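The values are calculated or read from the model by the stated rules, or taken from the named source; none is laboratory data. Note that the coordinates shown come from a computational prediction; the quantities given were computed from them, not determined experimentally. Heads up, the Cβs are rebuilt from the backbone with ideal geometry, glycines too, and the neighbour counts pull from every protein chain shown. The area values use the complete protein model at the heavy-atom level, side chains included, leaving out ligands, DNA and RNA. Shrake-Rupley method; radii C 1.70, N 1.55, O 1.52, S 1.80 Å.
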Amino acid sequence: MTAASRCRPAAGRRARLASDTKTLIETAITRFIEEVPALAPLKLVAGLELRGRGDIQMYRIQMPGPKVTKDIAPDAKVRLEIPRAAFNELATKGHIADWRRAFERGEAKATGIDQVLRLIAQVVERQEERSRTRRARAG
């Protein structure tokens with residue numbers, strides 16, 4: 001086995017992990033938009049920083065879409081910072097209330113243009129109110 005062939009599996013594994021992360025990000029966005037459909041037409045570029053074990057992975061997310069690329073997002077209107085483990089959990093099992101708790105506890109952090117952040121927060125709050133009203137009527 002040559003030195004070059006020993007390096008290839010690790011490079012292939014990194015590429016596979018990057019594509020898995022992109023898929024996970026797309027899953028998280030799709031699940032969130034399903035719960036808050038009013039955000040679907042929002043045109044937005046966001047930066048996502050996933051922190052884990054001394055490593056920071058940066059992604060650029062363009063909406064609508066989502067179009068996810070592993071890159072720095074200098075044109076981002078919103079930046080999200082979240083530990084990788086927390087993101088994995090939220091992306092696969094999280095609902096609106098789980099995302100809200102993550103931001104309230106400081107596990108996740110959003111920065112950027114205040115008007116955009118307020119708009120997103122208001123749309124999410126209104127959706128939560130609608131969901132509570134539907135449950136109360138059904139019960």
Q) When the Karplus curve 6.51 cos²θ - 1.76 cosθ + 1.60 is applied with θ = phi - 60°, which whole-Hz ³J(HN,Hα) does each residue of the stretch 69-80 get, with x for Gly and Pro? A) 10, 7, 6, 6, 10, x, 9, 5, 8, 9, 10, 10
Q | Contour excess over end-to-end distance, with Cα ends at R105 and K93 and 0.36 nm allotted per residue | A | 2.5 nm
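Report the net charge of residues surrounding P66, where surrounding means a beta-carbon distance below 11 angstrom and charges are Lys +1, Arg +1, Asp -1, Glu -1.
Net of charged neighbours comes to +2.
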**Q.** Shape category assigned to the stretch 72-139 from the gyration tensor of Cα positions, a/c cut at 1.5
**A.** oblate
Q: Work out how much length D20 to I56 would gain on full extension: take 0.36 nm times their residue separation and subtract the Cα-Cα distance, in nm to one decimal.
A: 11.4 nm
Q: Would you mind telling me the share, in percent, of accessible area of the stretch 20-115 contributed by carbon and sulfur at probe 1.4 angstrom?
A: 53 percent
